[in-house]
Amino acid sequence: MTTRHDDGPTSRIPGFYRLSPKARLSVLETARVLDREDLAVYRSAGLTVEEADVLVENVISTFALPNAVAVNFFINGEERVVPMVVEEPSVVAAVSNSARLAREGGGFTAETDPSVMIGQVQLMSVRDPERCLETLREALPRLREIGHAVHPRLVDHGGGLRDMEVRHVVYEEPGYPREDMVVLHFHLDCVDAMGANMVNTVAEHLAPHVEALTGETVGLRILSNLADRRLARASVTLRPALLGTADMEGDQVADRIVKAWRFAWADPYRAATHNKGVMNGIDAVAIATGNDWRAIEAGAHAYAARDGRYRPLTTWRLDDDGSLTGTIEVPLALGIVGGAIRVHPTVRANLRMLRVSRAQELTAIAASVGLAQNLSALRALATDGIQMGHMRMHARSVAATAGATRPELAAVIARLVEEEDISVEQALKILDEIRGG
Ligand code: MEV
């Protein structure tokens, strides 16, 4: 069992999935995960049309998605109840189950780089790239000063410009004339923000100076979503005995998980699906916390292809003592201030639920959730396949549509699955029998 080092509320809430949404909120309040103010937010419709109208253009309404909660997470010695916004059945149940297994061995260990984003200032069609590179290299101290002065408040918060480099980038597509570009890369520590706006402001601010110094023409001035200075890493070790199923011993399951991972390492077709499962978890946390999940997706997949071949974002290996160890390394540009976070009441409540005070803590949690999600997918795929779980979820919604009450649900679901006829008509028939009709 996990030794708790943390005096906060526990995330281990057995039977949480069996409760109604209303009862789940009460349990979270009793467990001190949520306070009264948060409860009111979760009971409300969330973002109002007026609030939405401030966020984007041409708003006509808002669009709701399930706001669920993953339980059982224990990360870096801290209990974490994790809000997840996702429309796909089984994702939240599966990740909570993996988190329960993981906490038996002490949970997840995660660490993250500082919140350093990359910005790019591109010089187009450079005639003498070597000379241009040299000029910029010599000017780097001055350009650093200029970049650093753009966001004084960021500097007050411990962030600011960290580094700058120049790169020679060549367009040499066969059949087309070559074009030389010189690109100024700068690294900006955005502390608790995702940072896109801050980086773009610095890029636009530097551009005229870069033009004046080189006599060349600036093209794009924009951040890079390949945020490989902002990596998050998490790991987990499990005793194979925990992984066993009714039909398979734990060490066989562990071995199959490793073999499934090797398949993803060797084959981009499998790696894409493998990473999609990882992102099921990471995106759901990104959305729940008001973050730009397209940026996260773009960064993750670009990073997965960094050695020239698309690879899995995780690794799974057997240790000498037979334990199974999983790791993840992924760029995660997640913020806890600015953007939708300022406006969206449910996002703010979700961040309070997570009890994070720094963006890096959120990043550590999201990486752990991605790893846990991958574990649950590989375990299911290596054993019963994923359709069994999906069938149960489908049966659940069919039973509810047929009017099954909470106490009746489990029996109706079990019969629907057993009889391999998951239809509303069949559910009605079963309900009639149960009710003695
Ligand atoms: C489904 O959303 C995700 C999986 O396909 C991931 C995987 O195959 O590893 C189950």
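Miscellaneous remarks
- Residue 379 assigned to a helix (DSSP H, G or I), at negative phi, of a type in the set (D, E, K, R) and under 26 Å from the mean Cα position of the chain (by Cα): yes
- Selected residue [of a type in the set (A, V, I, L, M) and outside any helix (DSSP H, G or I)] from 413, 422: 422
- Residue 59 meets the stated requirement of being more than 16 Å from the ligand (Cβ to nearest atom) and of a type outside the set (Lys, Arg).
- Answer residue from region 380-390, given it is modelled with pLDDT of 80 or more and out of contact with any Lys or Arg (no Cβ under 9 Å at 6 or more places or on another chain) and is farthest from the ligand (Cβ to nearest atom) among those: 384
- Hits in region 10-40 (condition: within 25 Å of the chain's Cα centre (by Cα) and either assigned to a helix (DSSP H, G or I) or closer than 17 Å to residue 405 by Cβ (or both)): 16, 17, 21, 24, 25, 28, 38, 39
- Condition check for residue 130 on (1) closer than 30 Å to residue 362 by Cα; (2) loosely packed, with under 15 Cβ neighbours inside 10 Å: one failure, at (1).
- Per this entry, residue 303 is not counted among residues that are within 16 Å of the ligand (Cβ to nearest atom) and either hydroxyl-bearing (Ser, Thr, Tyr) or without any contact (Cβ under 8 Å) to a residue 40 or more places away in the chain (or both).
- Pairing residues of region 274-285 that are farther than 14 Å from residue 331 by Cα with residues that are in a helix (DSSP H, G or I) and near the ligand (Cβ under 6 Å from one of its atoms), at Cβ distances under 7 Å and at least 6 apart in sequence or on separate chains, gives 277/377.
- Flag for residue 277 being under 18 Å from residue 102 (Cβ atoms), out of contact with any Asp or Glu (no Cβ under 6 Å at 6 or more places or on another chain) and away from the ligand (no atom under 14 Å from the Cβ): no
- Selection status of residue 397, polar (S, T, N, Q), part of a helix (DSSP H, G or I) and at pLDDT 95 or above: no
- Flag if residue 289 is more than 14 Å from the ligand (Cβ to nearest atom) and at pLDDT 95 or above: yes
Okay, residues lined up against (1) out of contact with any Gly (no Cβ under 9 Å at 6 or more places or on another chain); (2) within 16 Å of the ligand (Cβ to nearest atom); (3) of a type in the set (D, E, K, R):
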{"residue": "99", "(1), (2), (3)": "no, no, no"}
{"residue": "106", "(1), (2), (3)": "no, no, no"}
{"residue": "111", "(1), (2), (3)": "yes, no, yes"}
{"residue": "114", "(1), (2), (3)": "no, no, no"}
{"residue": "130", "(1), (2), (3)": "yes, no, yes"}
{"residue": "133", "(1), (2), (3)": "yes, no, no"}
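- Residue 32 being on the phi < 0 side of the Ramachandran plot and basic (Lys, Arg): no
The values are calculated or read from the model by the stated rules, or taken from the named source; none is laboratory data. Treat the numbers as computed from the prediction; the structure is a model and nothing was measured. Virtual Cβ from ideal backbone geometry, glycine too; neighbours counted across all protein chains shown.
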